[in-house]
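Engineer: Could you have a look at this structure, given as structure tokens, before my questions?
The values are calculated or read from the model by the stated rules, or taken from the named source; none is laboratory data. Fair warning: this is a prediction, and the values are worked out from it, not measured in the lab. Cβ sites come from the backbone with ideal geometry, for glycine too, and all protein chains shown count toward neighbours. Surface accessibility is based on the protein's heavy atoms, side chains included, excluding ligands, DNA and RNA. Shrake-Rupley method; radii C 1.70, N 1.55, O 1.52, S 1.80 Å.
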Amino acid sequence: MTFSMKRLLAIFNKDYKDLTRNLYVSFTLLVPLVLAAVFGRQGIDSIDLYYMVFNMALCLVAAYIQCSLIAEEKEKNTLRGLMLSPASTMEILVGKGLLSFVTTILVIGISAYFLGYMPENLLIVSLGIILSTVFYIALGTALGLVTRSVMEASVIIMPFVFIFSFGTSLSVLAEKYPILQAADYLPNSQLIMIAKEVEMGTGLAELWSHFGIIGLWVIGMALITMVIYRKRMVD
Amino acid sequence: MGILRISELEKHNEHTVVFPAFNLEVSEREVVAIHASTNVRTTLLNIIMGGASASNGVVYINNETIEKSRGTFLAKIGGFFLQDGLYERLSVKEHLSFYQSIYGSTLAVDEVIRMVQLEGKRNQRVGKLSFSEQRRIHFSRLLFQNPDFLIFEEPDQNIDLETKRIFLKLVRAIKEKGKAMLVLTGNMESALAITDTVYRLDDKGFHTLDIRAEDNEKDLAEEKSKDELGNDEVIVQPVRFEKIPTKVNEKIVLFDPPEIDYIESSDGQSLIFIKGESYPCMFTMTDLEIRLHPYGFFRCHRSYIVNLQKVREVVTWTRNSFTLVLTDDKKSSIPLSKTKMAELKGMLGLK
């Protein structure tokens with residue numbers, strides 16, 4: 001079965017229309033936007049706060065939307081019909097991932113505008129955000145394969161929202177509890193480090209270790225997703 | 001060579017037999033219905049679609065089995081299942097365009113909307129349609145998919161007459177294109193409305209349900225001999241017996257003929273239907289036909305006797321396929337065979 005762009009776009013288009021009319025899911029898009037608008041009006045100017053909003057957007061948009069798009073297909077019994085169609089599973093997942101990706105980039109872009117955040121080096125920061133988005137979409141796909149309904153999806157995403165959007169504050173406690181130093185290696189902390197170093201004018205060459213760690217997360221998550229996929233999609 | 005070939009397929013569940021080994025071949029331009037219980041139906045469907053394995057036997061489609069390549073095997077099957085879902089937030093038109101592009105079909109969306117008669121609702125959301133209209137959307141998927149072999153699970157369960165008419169019309173059109181179709185249903189009437197080739201599958205085996213016209217004549221001969229016997233009985237019995245005895249939990253219950261809605265024959269047992277409930281009767285269909293004839297009962301089909309007082313509508317699907325709709329609460333529908341239609345017209349004075 002060959003990979004077809006037409007089918008992929010058909011799935012993208014279908015999910016886009018479905019999503020715009022699904023208030024339960026599209027409402028979560030507003031959370032990072034409202035937060036960004038409020039912080040922006042208050043004139044807060046701190047990288048940590050900016051990235052709390054961005055990380056929240058990554059979790060609530062990239063991971064959650066991807067997860068609920070897959071879970072809803074299962075809940076409404078439409079996945080079987082889709083699996084029996086000529087569209088391969090890869091096309092289905094990529095079509096959905098593409099939609100989550102575009103939405104995430106849009107939400108982060110608008111949030112950055114509201115916050116008045118303009119990085120020193122747009123290219124490096126964008127690269128970091130894009131890489132992180134891929135990680136969160138892989139996370140969402142894995143969770144979507146495990147959950148059976150949108151309801152379950154919105155519960156299961158909660159711990160991840162806490163870890164990845166507020167997790168950065170854990171490193172403050174790291175002096176007291178050394179084990180929490182591990183939090184520095186989470187992809188969200190790495191993204192913040194990239195952003196901070198960019199503000200100090202560091203170039204891409206010195207940042208490769210941070211990109212490497214995020215890259216490892218992406219590869220790890222992709223592998224986990226593959227394993228879950230093999231297990232779950234046999235039937 | 002048949003498109004679908006089932007060879008020595010059987011299924012046991014622990015120690016119970018779901019269905020014993022049977023063979024079936026469905027060729028081009030052929031529609032075959034299997035009348036089976038829910039359990040047998042879902043098991044058979046699961047086996048064909050690769051969801052469960054059979055105890056023995058193989059299913060071939062175009063001489064290929066599911067083991068060889070799951071994807072290409074399933075791609076050849078067009079399924080019409082009860083459990084299928086729809087994207088409720090899409091409009092009818094968007095939903096069909098999605099099917100069109102996912103199957104890469106050249107069929108125009110508007111054309112299909114017209115075929116399933118949803119023109120007036122093209123911009124309405126699928127979730128707001130009635131159940132029957134949603135089933136039409138399911139059916140439209142098969143038109144875009146255009147597979148060689150189609151399988152229907154309870155195609156006309158809970159749908160309105162209009163949808164059934166559209167459905168039967170499209171089934172005939174698909175048949176003309178040289179496709180093979182298999183209908184799995186627990187309702188004899190819906191099986192008979194779609195095709196003349198009906199089988200019954202249960203734990204006892206796979207039986208042909210003979211509904212060809214020649215059999216009617218044989219039946220008539222039988223009836224004549226029974227007729228004479230019946231006359232003899234009347235002579236012996238001085239009081240004319242007017243009630244119809246049925247058996248309920250070892251008790252014998254007597255019913256007045258006008259109470260009866262219709263009588264169905266199932267596995268050689270006649271079942272009397274009264275207000276939606278069925279009671280097994282000790283008499284054969286032929287006996288009942290003779291006894292009930294004076295009360296305005298009519299043998300409308302080899303396996304059915306209907307109380308003409310309770311008939312509300314005679315629906316014509318095609319020139320050779322008819323259904324009687326009754327006045328009871330469930331609006332039961334009963335098949336009317338081609339040969340009996342002329343007789344009925346005579347009785348109604350519509351020569």
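Engineer: Quick one: A:R41 ticks every box in (1) open to solvent by 10 Å² or more (accessible area, probe 1.4 Å); (2) within 30 Å of B:G71 (Cα to Cα) bar one, so which box is it?
Structural biologist: Result: A:R41 passes all but (2).
Engineer: Follow-up question, since we're still on this one. In this structure, does B:S105 turn out to be surrounded by fewer than 18 Cβ atoms within 10 Å (Cβ to Cβ), closer than 21 Å to A:P86 by Cα and among the hydroxyl-bearing types (S, T, Y)?
Structural biologist: So B:S105 passes the test.
Engineer: Looking only at region B:103-142, count how many residues are part of a loop (DSSP other than H, G, I, E, B), in contact with a Ser or Thr (Cβ under 8 Å, 6 or more places away or on another chain) and within 12 Å of chain A (Cβ to nearest Cβ).
Structural biologist: Going through region B:103-142 one residue at a time, the tally reaches 2.
Engineer: Of these, B:F322, B:F273, which one is in a strand (DSSP E or B) and over 26 Å from B:S37 (Cβ atoms)?
Structural biologist: B:F322
Engineer: Looking at B:G79, B:G71 in this structure, which one is touching an Asp or Glu at 6+ places or on another chain (Cβ under 9 Å), within 13 Å of another protein chain (Cβ to nearest Cβ) and open to solvent by less than 40 Å² (accessible area, probe 1.4 Å)?
Structural biologist: On the way: B:G71 fails: touching an Asp or Glu at 6+ places or on another chain (Cβ under 9 Å).
On inspection, the qualifying residue turns out to be B:G79.
Engineer: Continuing with the same structure: Does B:V17 qualify as being in the same structural domain as B:F81 (by TED's automatic domain parsing), farther than 11 Å from B:Y199 by Cβ and either touching a helix residue (DSSP H, G or I) at 6+ places or on another chain (Cβ under 6 Å) or surrounded by fewer than 19 Cβ atoms within 10 Å (Cβ to Cβ) (or both)?
Structural biologist: Working: in the same structural domain as B:F81 (by TED's automatic domain parsing): yes; farther than 11 Å from B:Y199 by Cβ: yes; either touching a helix residue (DSSP H, G or I) at 6+ places or on another chain (Cβ under 6 Å) or surrounded by fewer than 19 Cβ atoms within 10 Å (Cβ to Cβ) (or both): yes.
Taking the combined requirement at face value, the residue satisfies it.
Engineer: Out of the residues in region B:276-301 that are in contact with a Ser or Thr (Cβ under 7 Å, 6 or more places away or on another chain) and outside any strand (DSSP E or B), state the one that is surrounded by the fewest Cβ atoms within 10 Å (Cβ to Cβ).
Structural biologist: It comes out as B:T284.
Engineer: If I ask for residues that are among the acidic types (D, E) and under 13 Å from the mean Cα position of the chain (by Cα), which ones from region B:168-210 would you list?
Structural biologist: If the condition is that a residue be among the acidic types (D, E) and under 13 Å from the mean Cα position of the chain (by Cα), then B:E189, B:D196 are the ones that fit.
Engineer: Now a separate question. Can you name the residue in region B:244-267 that is of a type outside the set (A, V, I, L, M) and under 18 Å from the mean Cα position of the chain (by Cα) and, of all such residues, is surrounded by the fewest Cβ atoms within 10 Å (Cβ to Cβ)?
Structural biologist: B:D267
Engineer: May I ask you to verify whether B:R125 is buried (at least 19 other Cβ atoms within 10 Å of the Cβ) and in the same structural domain as B:K11 (by TED's automatic domain parsing)?
Structural biologist: On the way: buried (at least 19 other Cβ atoms within 10 Å of the Cβ): no; in the same structural domain as B:K11 (by TED's automatic domain parsing): yes.
When the stated conditions are applied, B:R125 does not pass them.
Engineer: Hey, among the residues in region B:83-102 that are under 29 Å from the mean Cα position of the chain (by Cα), over 19 Å from A:N22 (Cβ atoms) and modelled with pLDDT of 90 or more, which one's farthest from the other protein chains (Cβ to nearest Cβ)?
Structural biologist: Filtering region B:83-102 for residues under 29 Å from the mean Cα position of the chain (by Cα) gives B:83-88, B:92, B:95-96, B:99.
When the remaining residues are screened for being over 19 Å from A:N22 (Cβ atoms), the result is B:83-84, B:96, B:99.
So of that shortlist, the ones also modelled with pLDDT of 90 or more come out as B:96, B:99.
Numbers: B:L96: 11, B:Y99: 8 Å.
Ranking the qualifying residues of region B:83-102, first place goes to B:L96.
Engineer: Now, a different point. Being out of contact with any Leu (no Cβ under 8 Å at 6 or more places or on another chain), among the aromatic types (F, W, Y) and surrounded by 18 or more Cβ atoms within 10 Å (Cβ to Cβ): is that true of A:Y113 here? Break it down stepwise before answering.
Structural biologist: Values: out of contact with any Leu (no Cβ under 8 Å at 6 or more places or on another chain): yes; among the aromatic types (F, W, Y): yes; surrounded by 18 or more Cβ atoms within 10 Å (Cβ to Cβ): no.
So A:Y113 does not fit the description; no.
Engineer: Next question, about the same structure. Kindly provide the set of residues from region A:76-93 that are under 22 Å from the mean Cα position of the chain (by Cα) and either open to solvent by 10 Å² or more (accessible area, probe 1.4 Å) or within 7 Å of another protein chain (Cβ to nearest Cβ) (or both), ordered by number.
Structural biologist: A:T89, A:M90, A:L93
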